[in-house]
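The values are calculated or read from the model by the stated rules, or taken from the named source; none is laboratory data. Not measured: the values here are computed from a predicted model. Because the Cβ atoms are built from the backbone with ideal geometry, glycine has one as well, and the counts that use them run over all protein chains shown. The protein model used for the area step is the full one, side chains on, heavy atoms only, and it has no ligands, DNA or RNA in it. Shrake-Rupley method; radii C 1.70, N 1.55, O 1.52, S 1.80 Å.
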Amino acid sequence: MNALAHLSDIIIPILIFFIVGYGFVSNVKVYETFLKGAKDGLKIVVDIVPTLIGLLVAVGMLRASGFFDMLGTLLGPVAASAGLPTQLMPLLIVKLFSSSAATGLVLDIFRTSGPDSYAGMLTSILMSCTETVFYTMSVYFLAAKVTKTRHTLTGALLATLAGTVASVVLTRWML
Amino acid sequence: MLNAIWAVMILLAVLYGAASGHMSEVTNAALDSAGEAISLCITMAGVVALWMGLMEIAQKAGLIEKLTRGIAPFLKFMFPRIPKEHPAREYIAANIIANVLGLGWACTPAGLKAMEELAKLEAERGNPEYLEAGTGKSRNRRASNEMCTFLILNISSLQLIPVNMIAYRSQYGSANPTAIIAPAIAATLVSTLIAIVYCKIKDRIAANPFRTSEKSPASRAADSGSPFSDKRNGWGGKAV
């Protein structure tokens, strides 16, 4: 397709080669260490199973009720003018508040349009380059007991906007 | 936060489904989605376990530590007013590296420690809002410039491999689940660059050139730690 797609293909093998090679050369028991890490990884997944069930059920029900279709017809013209499929509008908003709720919406887009469609690719890239603004800010500032966040929100929203625009441009270019 | 979102989603689904006559579809969706969550987790388990296994090797081999030290020049550029030996620096570095490598679970603890250390740094600088003894004032703490910069950087979400997205894509039958890696890195770079420029502009505005001559006790205390505190007087770039 183009250079970006080619880079995507080779980056994981290179990374695996480098990590395992570096570990082996520095006398790490690579296989045993890998097993330990993989076990921790499994624990993480097990921990998120209940979350996924809860959110997929909620999003699935909401879609089946016809609510998203209604939202789509309402927001359609606005979204289309920005190059965004209507399905993405709820995702953009929810993503600011909760990354796991957003995950539910992402999977719904993958199920209905497929991960390789325009909406699917855009969603994948968008989710990889934005962060849950309000959640992160509330947790982090709580740790420092800060109540006045000054220019953080503006900066964070600006970065999110930039990421969103970049995602639309890149997805158009790739497909 | 999630409690409210989840409740609204479920209640809205049932109400809207009843109003639009889609109750049987709603029922099916509830049952099907629960099963789907399980099959999704099975796919995810493989990808996440693989990634975490590799990261464990990287950690044992000292690779992550090396990377953390490697971004020191970047930290010096972004946070010139944090003294060199201050623990905040270490935690910020650990948080950024964990973010870049997609170690979601590992970046939050380091990030929270970084925020605590930045708060201590403000107290060391003599910021009255951050002194524990300061009566009642601590309720109105304002974020320091470093805190703003750190959070904006964090939210701009530097990430090398979007592991979860790749797992989801392969579960839903993508022909090439990893095709998003390069464009995702490109998009991340754009949002992070914008974040850096924005923070730098804000820092520049905050470092008021007219205040360089007068020396508050706070800045004199900070002098011992940082060579920059002389020029960029005051805490958090705000007038005391």
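Please work out if A:THR103 is within 8 Å of chain B (Cβ to nearest Cβ), within 19 Å of the chain's Cα centre (by Cα), of a type in the set (Val, Ile, Thr) and farther than 16 Å from A:LEU161 by Cα. Full working, then the answer.
Details: within 8 Å of chain B (Cβ to nearest Cβ): yes; within 19 Å of the chain's Cα centre (by Cα): yes; of a type in the set (Val, Ile, Thr): yes; farther than 16 Å from A:LEU161 by Cα: yes.
Considered against the rule, which asks whether it is within 8 Å of chain B (Cβ to nearest Cβ), within 19 Å of the chain's Cα centre (by Cα), of a type in the set (Val, Ile, Thr) and farther than 16 Å from A:LEU161 by Cα, A:THR103 comes out as yes.
Among B:LEU67, B:LEU54, B:LEU75, which is the only one that is over 22 Å from B:VAL197 (Cα atoms), in a helix (DSSP H, G or I) and within 18 Å of the chain's Cα centre (by Cα)? I'd like the intermediate steps shown before the answer.
Working: B:LEU54 fails: within 18 Å of the chain's Cα centre (by Cα); B:LEU75 fails: over 22 Å from B:VAL197 (Cα atoms).
Residue meeting the stated conditions: B:LEU67.
Residue check: is B:GLY102 buried (at least 19 other Cβ atoms within 10 Å of the Cβ) and outside any helix (DSSP H, G or I)? Give the derivation first.
Numbers: buried (at least 19 other Cβ atoms within 10 Å of the Cβ): yes; outside any helix (DSSP H, G or I): yes.
When the stated conditions are applied, B:GLY102 passes them.
What's the number of the only condition in (1) at pLDDT 90 or above; (2) surrounded by fewer than 17 Cβ atoms within 10 Å (Cβ to Cβ) that A:ASP47 fails to meet?
(1)
Being surrounded by fewer than 23 Cβ atoms within 10 Å (Cβ to Cβ) and in a helix (DSSP H, G or I) is the filter here, so list the residues in segment A:134-157 that pass it.
A:PHE134, A:TYR135, A:THR136, A:MET137, A:SER138, A:VAL139, A:PHE141, A:LEU142, A:ALA143, A:LEU153, A:THR154, A:LEU157
Output yes when any residue across segment A:158-170 is more than 27 Å from B:CYS41 (Cα to Cα), open to solvent by less than 40 Å² (accessible area, probe 1.4 Å), at the interface with chain B (Cβ under 9 Å from one of its Cβ atoms) and not in a helix (DSSP H, G or I), and no when none is.
Of segment A:158-170, the ones more than 27 Å from B:CYS41 (Cα to Cα) are A:158-166, A:168-170.
This time we only want the ones that are open to solvent by less than 40 Å² (accessible area, probe 1.4 Å), so: A:159-160, A:162-164, A:166, A:168, A:170.
Going one step further and asking which of them are at the interface with chain B (Cβ under 9 Å from one of its Cβ atoms), we end up with A:159-160, A:162-164, A:166, A:170.
The next check asks that each one be not in a helix (DSSP H, G or I); those that pass are none.
There is no residue in segment A:158-170 that is more than 27 Å from B:CYS41 (Cα to Cα), open to solvent by less than 40 Å² (accessible area, probe 1.4 Å), at the interface with chain B (Cβ under 9 Å from one of its Cβ atoms) and not in a helix (DSSP H, G or I).
Which one of B:ALA58, B:ALA19 is under 30 Å from B:MET147 (Cβ atoms) and at the interface with chain A (Cβ under 9 Å from one of its Cβ atoms)?
Details: B:ALA19 fails: under 30 Å from B:MET147 (Cβ atoms).
B:ALA58 is the lone residue from the list that is under 30 Å from B:MET147 (Cβ atoms) and at the interface with chain A (Cβ under 9 Å from one of its Cβ atoms).
Note down all Cβ pairs under 7 Å where the first residue falls in segment A:22-46 and is within 7 Å of chain B (Cβ to nearest Cβ), the second is basic (Lys, Arg) and surrounded by 17 or more Cβ atoms within 10 Å (Cβ to Cβ), and they're at least six residues apart or on different chains.
Once the first residue is within 7 Å of chain B (Cβ to nearest Cβ) and sits in segment A:22-46, its partners that are basic (Lys, Arg) and surrounded by 17 or more Cβ atoms within 10 Å (Cβ to Cβ) give A:GLY23/B:LYS60; A:VAL28/B:LYS60; A:THR33/B:LYS60.
Taking the criterion of being modelled with pLDDT under 90, touching a Phe, Trp or Tyr at 6+ places or on another chain (Cβ under 6 Å) and more than 9 Å from chain A (Cβ to nearest Cβ), would at least one residue in segment B:140-160 satisfy it?
The answer is no; no qualifying residue exists.
So which of A:ALA119, A:ALA80, A:ALA58 ends up being more than 8 Å from chain B (Cβ to nearest Cβ), more than 18 Å from the chain's Cα centre (by Cα) and over 29 Å from B:ILE196 (Cβ atoms)? Write out each step before concluding.
Numbers: A:ALA119 fails: more than 18 Å from the chain's Cα centre (by Cα); A:ALA58 fails: more than 8 Å from chain B (Cβ to nearest Cβ).
Going through A:ALA119, A:ALA80, A:ALA58 in turn, just one is more than 8 Å from chain B (Cβ to nearest Cβ), more than 18 Å from the chain's Cα centre (by Cα) and over 29 Å from B:ILE196 (Cβ atoms): A:ALA80.
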